[in-house]
Amino acid sequence: MSSIPRSTRRRVLKALGVGGTAALAGCTAPSNQEATEVSTTDRATPQEPSMNPAKETDVDRIAADPTDIPDPIDRDEPKTVEVELTTKELVAEVEPGVTYTYMAFEDQIPGPMIRVRRGDTVEMTVTNEEGNSMPHNIDLHAVRGPGGGAEASMVAPGETETFRFKATYPGSFIYHCAVPNLDMHISSGMFGLILVEPKDGLPEVDHEFYFGQHELYTTGETGEEGHHDFDMEAMAAEEPTYVLMNGEKYAITPDGYGSPSIDVGDTARVYFVSGGPNLMSSYHPIGSVWDKVWQQGSIAGEPNRFVETTPVPPGSTAITTLHAEVPGPIKLVDHALSRVARKGFMAVIMREGDEQTDVFDPEP
Ligand SMILES: [Cu+2]
């Protein structure tokens with residue numbers, strides 16, 4: 001058995017139902033059969049079970065638009081804010097030719113950004129879309145209450161639940177699904193960010209952006225064409241197939257769906273949520289620096305200044321600012337760079353404008 005490559009051995013064990021993973025492996029009969037044959041007849045020279053073909057999907061993209069953000073809050077009084085989120089299970093492409101059955105709040109990763117003001121009452125409604133296969137719920141770290149609302153919002157497919165909470169403290173916070181297999185649900189895409197603005201609001205900036213990092217654990221290899229199933233054993237070992245910004249490989253780049261741009265002289269605030277479920281992000285803007293970083297999104301405190309790389313643990317957020325001093329791309333990366341070079345992680349913000357040779361001169 002020791003001569004079988006690790007990834008194959010994992011699949012063989014799974015096909016045999018070892019380790020309690022069979023129920024979640026989603027293996028089809030043909031691949032089960034093939035894997036079992038490998039394990040019983042020819043252990044020395046195993047064959048990789050073939051991937052199922054990529055699935056048909058009418059989902060154009062699962063990657064959230066980083067500019068799709070609620071407007072800054074412009075009021076002096078608290079109010080009751082109604083927030084409705086529908087949980088979805090949907091097939092989409094991780095990259096061309098590679099499909100995965102995501103789970104998501106609405107049809108995007110990260111889920112929609114929620115924006116309220118400190119002191120607001122939030123009426124939170126979660127609907128589990130009819131036809132889904134699993135229960136879902138929501139745990140918001142902006143909630144003081146059991147499970148962040150998880151028990152109160154537990155919904156089976158076709159059900160809707162509402163609970164109410166007061167946003168008593170400011171900052172940005174993750175929200176995520178928190179059913180018993182919560183790591184699997186987060187890994188499949190069920191996380192987002194809620195911003196609780198301070199009563200005096202946030203400083204004005206020219207642009208705001210919203211991004212989310214998480215990792216996918218699948219039965220395939222990175223880039224292997226076909227439909228990837230979720231892999232519980234890979235997740236337990238914390239060995240992801242993909243590490244992604246906004247749920248797809250290189251989605252928010254000029255070669256993907258395009259990059260948002262800012263002009264030289266502009267300022268920007270970036271909201272970032274680290275879904276995990278397991279990996280710490282080493283969050284860095286290549287070609288720039290974070291002018292300010294509110295670690296954990298704790299905007300009630302003083303920011304750190306001129307930060308190169310800031311850690312963002314899974315289950316947390318960061319609020320950062322930058323400004324465009326010169327033209328050219330700013331590449332948002334996890335500076336654990338194998339995740340960028342080999343596992344699909346990156347987003348780009350473009351800076352447009354004239355060269356500023358006193359700051360950077362490529363050909364002096
Ligand atoms: Cu869920």
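Just so it is clear, none of the values below were taken in a lab; they were calculated from the coordinates. None of these values were measured; they are calculated from a predicted model. Here the Cβ positions follow ideal geometry from the backbone for every residue, glycine too, while neighbour counts run over all protein chains shown.
For Val333, the residues 5 or more places off, or on other chains, whose built amide H falls under 5 Å of its own are His284, Ile286. Along the axis of the charge dipole computed for the chain (Cβ charges of +1 for Lys and Arg, -1 for Asp and Glu, origin at the Cα centre), the listed residues Gly97, Gly256, Val126 are led at the positive end by Val126. Based on the convex hull around the alpha carbon atoms, the range 99-162 presents an average projected area of 5.0 nm². Got the relative contact order for the chain handy, in percent, Cα pairs under 8 Å and 6 or more residues apart? Computed value for the chain: 15 percent relative contact order. Averaging over every viewing direction, what projected area does the convex hull of the Cα atoms of the chain cover, in nm²? Averaged projected area of the chain's Cα convex hull equals 20.0 nm².
Net charge of the neighbourhood of Asn137, taken over other residues with C-beta under 11 Å away and scored Lys/Arg +1, Asp/Glu -1, is -4. In whole angstrom, how far apart do the alpha carbon centroids of the range 307-364 and the range 123-163 sit? So the separation of the two Cα centres works out to 35 Å. Measuring between alpha carbons in the structure, the pairs from Lys166/Lys292; Lys249/Lys292; Lys88/Lys292; Lys55/Lys292 lying more than 31 angstrom apart are Lys88/Lys292; Lys55/Lys292. The Cα-based radius of gyration of the range 235-352, divided by its Kirkwood radius, gives an Rg/Rh of 0.96. Mean-square fluctuations from a GNM of the chain, with a 10 angstrom spring cutoff on Cα atoms, peak among Ala63, Ala234, Ala92 at Ala234.
Per residue of the chain, what 222 nm ellipticity follows from adding -39500 (n - 2.57) for every DSSP H run with n ≥ 4, rounded to the nearest 500?
Mean residue ellipticity, 222 nm, calculated: -3000 deg cm²/dmol.
Here the range 205-322 is treated with +1 on each Lys and Arg Cβ and -1 on each Asp and Glu Cβ, and its dipole about the Cα centre works out to around 600 debye. Given +1 at the Cβ of Lys and Arg, -1 at the Cβ of Asp and Glu and no other charges, the dipole of the chain around its Cα centre is 1400 debye to the nearest 20. Here is the tail figure for the range 101-253: Cα pairs spaced more than 23 Å apart come to 42 percent of all pairs. Sites listed here are trypsin sites (Lys or Arg not before Pro) in the range 161-203 whose DSSP assignment is loop and whose Cβ has at most 16 other Cβ atoms within 10 Å: Lys199.
Among beta bridges identified by DSSP and lying wholly in the chain, the antiparallel ones come to about 70 percent. Residue by residue, the range 148-163 carries 3J(HN,Hα) couplings of x, x, 4, 5, 5, 10, 5, 9, 7, x, x, 9, 10, 10, 10, 9 Hz when phi is fed to the Karplus relation 6.51 cos²θ - 1.76 cosθ + 1.60 (θ = phi - 60°); x denotes Gly or Pro.
In the chain, taking the dipole from charged Cβ atoms about the Cα centre, the farthest positive-side position among Ile319, Ala167, Val83 is held by Ala167. Between the C-alpha center of the range 244-261 and that of the range 70-89 there is a gap of 26 Å.
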